[in-house]
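See below for the structure under consideration.
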Amino acid sequence: MILNNVSLRPFNTFGIDVMAKALTQVTTEDELREVLEHNRKTTDDLLILGGGSNILFTRNMNGLVLVNQLGGISIVREDTDSVTIRAGAGVVWHELVMHCVVLGWGGIENLSLIPGRVGAAPMQNIGAYGVELREVFTELEALHIYSGELRRFTNEDCQFGYRESVFKRNLHGQYIIISVTITLSKHPKLNISYGAIGEELEKMGVGRPALADVSRAVINIRKSKLPDPAVLGNAGSFFKNPTVSKDLADHIRQSHPDLPSYPANGGMKLAAGWLIEKCGWKGKVVGNTGSHRNQALVLVNYGHATGAEIFQLSEDIMHSVQDTFGVELEREVNVY
Ligand code: FAD
Ligand code: NAP
């Protein structure tokens, strides 16, 4: 069923109140094909939406908004060491993580509590606490929006990078991801090297952590640090952590010896939240929006912000980080 003139406020975690000219929610591949067929003439304006947790709307959407709710989790292959599972694009990501943790399948426990749906996970190669989707990714199925052709993408085809994939770049807006297949271990090697996890496990009194303990630790840290979009509109980290040359990192460290930095891609990855905080933005309220008091990297909607206001705030932050540190920030959130 296609609804006309629908507010998108409940469909994005920033809670931005823009209108969609038309909106439909699809739960099966047949429905999806039918909708695409009917709307072929207007597919230029088509927007695919999962949980709306990585989107900033700055305008009304004048075409069709298609909310992808294709469900289902199934086993593709299994042996004594590993299991390969396929999940529909509309499966809630955290529910998939919980499903796997309960069954003792390891690999995505560090990605617990990331909002959104499975279909969007490859878009930016979701990552957290030292783990990225690409480490467990096997393949995905996607429909070409214009031809309807089904294509399988391997790990290599997706050209995953840091919060990046081919779907955010060369193939942007061309495919609808309908399923994602991942391979998990039945004898998982836990990744607790990311500082905060070890500290949280200690706080929890867990000496020899199991899969579920790592997941619980990640959930605890996230709940303590990040604003809940149901209470305070946000889309997680608004910017990516920038990678700069070692020379620039050394230069900044001369005036700021406490600069957090990590080797990455031949350069140094800096914490964008730290840079933003040092420019005085952390906790600052600007009209209806601002940078969150616990995590400067998260921009928030205090209730009635427009997408344009949040976008302007992001511009101001980017200019100030550029002027202060000579570092160019890049938005992670998808702006429409
Ligand atoms: P949406 O916001 O609905 O869509 C994002 C983009 O993908 C849009 O361009 C959309 O058109 C496109 N898209 C969505 N589904 C499909 C599909 N099936 N086919 C083709 N295109 C599609 N991200 C991380 O990587 N790590 C984190 O730790 C993390 N933490 C977060 C914490 C909070 C509190 C919040 C609010 C967000 C966080 N995010 C994080 C960002 C976000 O949750 C993820 O990027 C998530 O994968 C987005 O999923 P979604 O379904 O909400 O995507
Ligand atoms: P944090 O622990 O305060 O660390 C700040 C930044 O430093 C992180 O973003 C991380 O980069 C980097 N970092 C910290 N320890 C590192 C290590 N041992 N090796 C390499 N890099 C390290 O970060 P946080 O804000 O609380 O977030 C925790 C994790 O959740 C991070 O992985 C973050 O990316 C993820 N997260 C993502 C979003 C989102 O919307 N994308 C929102 C919330 C949290 P990385 O980002 O590369 O890990």
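At-a-glance table
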| item | result |
| --- | --- |
| Top-ranked residue in region 198-245 [being in a strand (DSSP E or B) and either more than 18 Å from G51 (Cα to Cα) or more than 10 Å from ligand 2 (Cβ to nearest atom) (or both); ranked as nearest to the chain's Cα centre (by Cα)] | F239 |
| Filter pass, G273 being in contact with a strand residue (DSSP E or B) (Cβ under 8 Å, 6 or more places away or on another chain) and either within 16 Å of ligand 1 (Cβ to nearest atom) or over 21 Å from R163 (Cβ atoms) (or both) | yes |
| Residue within region 181-197 that is within 13 Å of ligand 1 (Cβ to nearest atom), closer than 30 Å to R40 by Cβ and in a strand (DSSP E or B) present | no |
| Which listed residue is surrounded by fewer than 21 Cβ atoms within 10 Å (Cβ to Cβ), away from ligand 1 (no atom under 16 Å from the Cβ), without any contact (Cβ under 8 Å) to a residue 24 or more places away in the chain and not charged (D, E, K, R), from A230, A249 | A249 |
| Failed item in (1) over 17 Å from the mean Cα position of the chain (by Cα); (2) under 23 Å from S74 (Cβ atoms), with E135 passing the rest | (1) |
| Residues that are under 18 Å from Q322 (Cβ atoms) and touching a Phe, Trp or Tyr at 6+ places or on another chain (Cβ under 6 Å), drawn from region 241-261 | I252 |
| Count - residues of region 273-295 that are assigned to a strand (DSSP E or B) and modelled with pLDDT under 95 | 0 |
| Qualifying positions in region 1-30 - surrounded by 16 or more Cβ atoms within 10 Å (Cβ to Cβ) and in a helix (DSSP H, G or I) | F11, E29 |
| Unmet requirement for R152, which otherwise passes all of (1) within 11 Å of ligand 1 (Cβ to nearest atom); (2) assigned to a strand (DSSP E or B) | (1) |
| Test: residue in region 262-273 that is of a type in the set (S, T, N, Q), outside the structural domain of I114 (by TED's automatic domain parsing) and surrounded by 13 or more Cβ atoms within 10 Å (Cβ to Cβ) | no |
| Whichever residue in region 75-106 is within 16 Å of ligand 2 (Cβ to nearest atom) and either open to solvent by less than 30 Å² (accessible area, probe 1.4 Å) or among the polar types (S, T, N, Q) (or both) and, among such residues, is nearest to V26 (Cα to Cα) | W93 |
| Residue that is farthest from ligand 1 (Cβ to nearest atom) [pool: residues in region 169-180 that are out of contact with any Lys or Arg (no Cβ under 9 Å at 6 or more places or on another chain) and open to solvent by less than 50 Å² (accessible area, probe 1.4 Å)] | L171 |
| Region 121-141, subset near ligand 1 (Cβ under 7 Å from one of its atoms) and out of contact with any helix residue (DSSP H, G or I) (no Cβ under 8 Å at 6 or more places or on another chain), residue least open to solvent (accessible area, probe 1.4 Å) | Q124 |
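The values are calculated or read from the model by the stated rules, or taken from the named source; none is laboratory data. These numbers were taken from a predicted model, which means no experiment stands behind them. No Cβ is skipped: glycine too gets one built from the backbone with ideal geometry, and neighbour counts run over all protein chains shown. We work out accessible area using only protein heavy atoms, side chains counted, and drop any ligands, DNA or RNA first. Shrake-Rupley method; radii C 1.70, N 1.55, O 1.52, S 1.80 Å.
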